[in-house]
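Chemist: Next up is a structure, given as structure tokens.
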Amino acid sequence: MAVINLWPFGRSEHVQSEHDNFEQLVQPHLNRLYKLAYRFTGHRDDAEDLVQDVLLKLYPRLQEMQKIEMLGPWLSRVLYRQFIDKLRSQQRSPVQFTDEEQSYYESQADSAQLPAELFESRLTQEALQQALDELSEDMRILVMLHDVEGYTLQEIHQMLDVPVGTLKSRLSRARTKLKEILSQMELFSEAVRVNG
């Protein structure tokens with residue numbers, strides 16, 4: 001994913017230099033930011049939009065960013081807060097968009113063309129995503145940050161501004177809940193296979 005082109009019609013040398021500095025600063029973190037945005041949103045387009053929103057928001061803060069020692073966790077925190085802000089504004093919106101039906105039909109069409117192992121893998125990923133979606137927002141984000149993206153509890157503490165002890169207990173509860181959901185899904189699919 002390339003850094004957004006803020007000036008498609010040219011710019012001065014000073015602006016070019018600032019843009020290059022900004023790009024050099026954020027480029028090493030873009031893949032991880034995109035993966036994190038995808039984990040939060042669950043959709044490629046939404047993840048790209050979220051990362052671009054963050055980049056546009058941060059561009060004027062280049063000098064501040066250059067002074068930050070641990071830029072990766074700081075950028076992740078900004079991304080997380082941008083995601084939460086966007087989520088809250090969507091929840092307040094009277095118009096609700098959903099693409100669940102479209103995703104369902106696309107996955108059904110794709111399943112006929114996939115080799116068996118790839119299809120099984122996709123089903124497992126979809127089951128895990130469905131289970132994650134059933135967790136509360138706080139639990140889901142914590143599991144994704146720690147267990148999926150590999151952030152330490154200390155890094156998550158810096159991102160979310162939640163005490164490490166609280167994070168540990170939340171993570172334990174989230175994992176327990178996730179196991180319960182997955183085992184219920186497994187029992188249900190086993191019952192469907194037996195009775196189907």
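The values are calculated or read from the model by the stated rules, or taken from the named source; none is laboratory data. Because the structure is a prediction, the values reported are computed rather than measured. Here the Cβ is made from the backbone with ideal geometry for all residues, glycine too, and neighbour counts use every protein chain on show.
Chemist: Quick check on this structure: which one of His29, His43 is more than 13 Å from Lys86 (Cβ to Cβ) and in contact (Cβ under 8 Å) with a residue 40 or more places away in the chain?
Modeler: Step by step, each of His29, His43 is checked, and only His29 is more than 13 Å from Lys86 (Cβ to Cβ) and in contact (Cβ under 8 Å) with a residue 40 or more places away in the chain.
Chemist: Do we have Thr124 as in a helix (DSSP H, G or I) and at pLDDT below 80 here?
Modeler: yes
Chemist: Might you check whether a residue that is under 17 Å from Asp138 (Cα atoms), in a helix (DSSP H, G or I) and at pLDDT 50 or above occurs anywhere in segment 61-74?
Modeler: No.
Chemist: Does Leu58 meet the test of being more than 14 Å from the chain's Cα centre (by Cα), assigned to a helix (DSSP H, G or I) and at pLDDT below 90?
Modeler: no
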